[in-house]
Amino acid sequence: MTTQPAPVVRRATSERSTRNAAAVMKALTQEAIDRGLDGIATSSIAKRAGLTTGAVYSRYENNDEMLIALWESVVAPALAAHVRETIDAVISPSAQPSTELITQIEKPSRLLSLGAEFVVMAQRNEVVGEVVIAEVSKWLHDAGLNPKSNSITRAGVALGASIAIGSILRSYVTGSNPGMRMIVDGIHNAYLVAKPTSKPRKTVAPKPIRSATGSPLRDALIDATAEVMSKTGFTGATISRIARKSGVTSGSIYNFYPDKEALMNDAVSELMRTTQRQNLDSKRTASSAKEPNFGLTDSFDFGLIPDRRTWLRFRQECLIATRHHKKTHSEMKKVVLELDAAMKASFPKVDQAIITLVSMGEQAIGYGYSSLFGYTDLFSKCDFDAIMVQVAKQNSL
């Protein structure tokens, strides 16, 4: 009887493979943090990991597969915990937000910053979206944003998730969100005493968000930039595509703007100011009419208007761009400071510290709310007004 040789255990190869996999994931994470999800490059990842490009491709077929692995292995666990804890801070009767949670809301980590970027880009990247949208949608559903919950619970979950994501997006521009503990506590307290809205609210739909600079050519370019970039992100948007959409030649665009970033900055500045004028008008109207919600609910209603979705998606892409484009960051920060000043000037008789918190809270929640449109179809079934009435009451607005 012939004795079979013992199988060869290739432990060294297995250990090397494990080390290489860890090195690639570490390099990929740092690459995404430094360059953004749209900017990762296989050659750069290989260099960071100390491996060949072929070694990276042997694990991942393309960038989308790398991003999915990054999401599943590194980003999703951290973001899921953050979103869940923030939702609990809003809707749990005995909520006592931890110091760690408030720290992450006020000054988000780089890993959470990646998470919010995933939430935005997944809605225009079909491959990545197949994974991210399904997972985040389940988080929201399991937390209570589902048909079985009542309308106030749905609104509370939506607000918690919006704070979790939106505070990260706002920090791209401002660096931090000081005072968010008071906002979280205020919304939590309002949620606990909220009563269902007894009758349908009458809202006046704002005009469509369109550029109105007085220059037809500039307006066409700004509107085309918003439409193209809302679908492709900053990296994927080309001057040629913007030219085709606007009906303007590429050469004419360069007569107005030195590069794509300058065009994007002009577009986001103009459209954000247009939106701010509409939001301030709604609050002045609500204040004059002594509406109990101080117009705070209008922003949620406005976000549901289909005609505004292109602009809102464009704004989210600009927020992402601020992480990696200094001029865009500078322009966005300038506009945000202008919005804060305009809010204070519009309501000089209201405690200015309260107005500062209202402005910051609306920005953070608005950024998060509009980032989650692709993850649920239940926002129209949320009783935001019930909670906002209590927020206004508690702050004497």
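What follows is calculated from the coordinates using simple rules that are stated; it is not laboratory data. Predicted model, so just to flag it, every value in this text is computed and none were measured. As a convention, Cβ positions derive from the backbone with ideal geometry for all residues, glycine included, and neighbour counts pool all protein chains shown.
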Here the equivalent ellipsoid of the stretch 126-285, derived from its Cα gyration tensor, has semi-axes (largest first, whole Å) of 37, 21, 16
What is the gain in length, in nm to one decimal, between VAL193 and ASN255 on full extension, counting 0.36 nm per residue of separation less the C-alpha to C-alpha distance? 16.6 nm
Candidates TYR369, TYR172, TYR57; GNM for the chain (alpha-carbon contacts under 10 Å) flags as most fluctuating TYR57
Once both axes come from the Cα atoms, what is the angle between helix 216-236 and the longest principal axis of the chain, in degrees from 0 to 90, rounded to 10? 40
Pairs of alpha carbons in the stretch 11-60 whose separation is greater than 13 Å (percent): 52
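Below 14 angstrom from the Cβ of THR99, what's the summed charge of the other residues (Lys, Arg +1; Asp, Glu -1)? Let's see the in-between values first.
Working: positive: LYS107, ARG181; negative: GLU85, GLU100, GLU106, ASP185.
Here the charged neighbours net out to -2.
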Point-to-point label distance, ASN62-LEU337, nm (Cα→Cβ direction, 7 Å offset): 4.3
Relative to the first principal axis of the alpha-carbon coordinates of the chain, what is the inclination of helix 352-371, with its axis defined by its Cα atoms, in degrees from 0 to 90 and to the nearest 10? 50
Taking trypsin sites (Lys or Arg not before Pro) that fall in a DSSP loop and have at most 10 other Cβ atoms within 10 Å as cut points, what is the longest piece of the chain between them? 11-147
Below 30 Å, Cα to Cα, which lysines can LYS290 reach? Residues fewer than 8 away in the same chain don't count. LYS195, LYS199, LYS202, LYS207, LYS344, LYS349, LYS381, LYS393
Nearest-20 debye value, the stretch 1-150 charge dipole, Cβ charges on Lys, Arg, Asp, Glu: 640
Treating only the Cβ atoms of Lys and Arg (+1) and Asp and Glu (-1) as charged, compute the dipole magnitude of the stretch 297-393 about its Cα centre; round to the nearest 20 debye. 460
Taking the Cα atoms of the chain, what is the range of coordinates along each of the three principal axes, in descending order and whole Å? 97, 60, 33
Mind pulling the angle between the C-alpha long axis of helix 384-394 and the longest principal axis of the chain? Nearest 10 degrees, somewhere in 0 to 90. 60
At 0.36 nm per residue, minus the direct Cα-Cα distance, what do LYS26 and SER98 gain on full extension? Give it in nm, one decimal, please. 23.1 nm
Would you tally the net charge around SER359, using a Cβ to Cβ cut-off of less than 9 Å, leaving SER359 out, and scoring K and R as +1, D and E as -1? -1
Report the FRET efficiency, 1/(1 + (r/R0)^6), for ARG284 and SER137, where r is their Cβ-Cβ distance and R0 is 56 Å, rounded to 0.05. 0.95
Only helices counted: for the chain, with every DSSP H run of 4 or more residues adding -39500 (n - 2.57) and the sum spread over all residues, [θ] at 222 nm is -22500 deg cm²/dmol
Top positive-direction residue, dipole computed over the chain with Cβ charges, set ILE168, PHE118, MET332: MET332
Taking K and R as +1 and D and E as -1, what net charge do the other residues with C-beta under 14 Å from the C-beta of THR153 add up to? +1
About the Cα centre of the chain, how large is the charge dipole given +1 on each Lys and Arg Cβ and -1 on each Asp and Glu Cβ? Please answer in debye to the nearest 20. 300
Given points 7 Å out from each Cα along the Cα-Cβ axis, report the LEU304 to ILE33 separation in nanometres with one decimal. 4.0
Using 1/(1 + (r/R0)^6) with R0 = 30 angstrom and r between the beta carbons of ARG244 and HIS324, what's the FRET efficiency to the nearest 0.05? 0.70
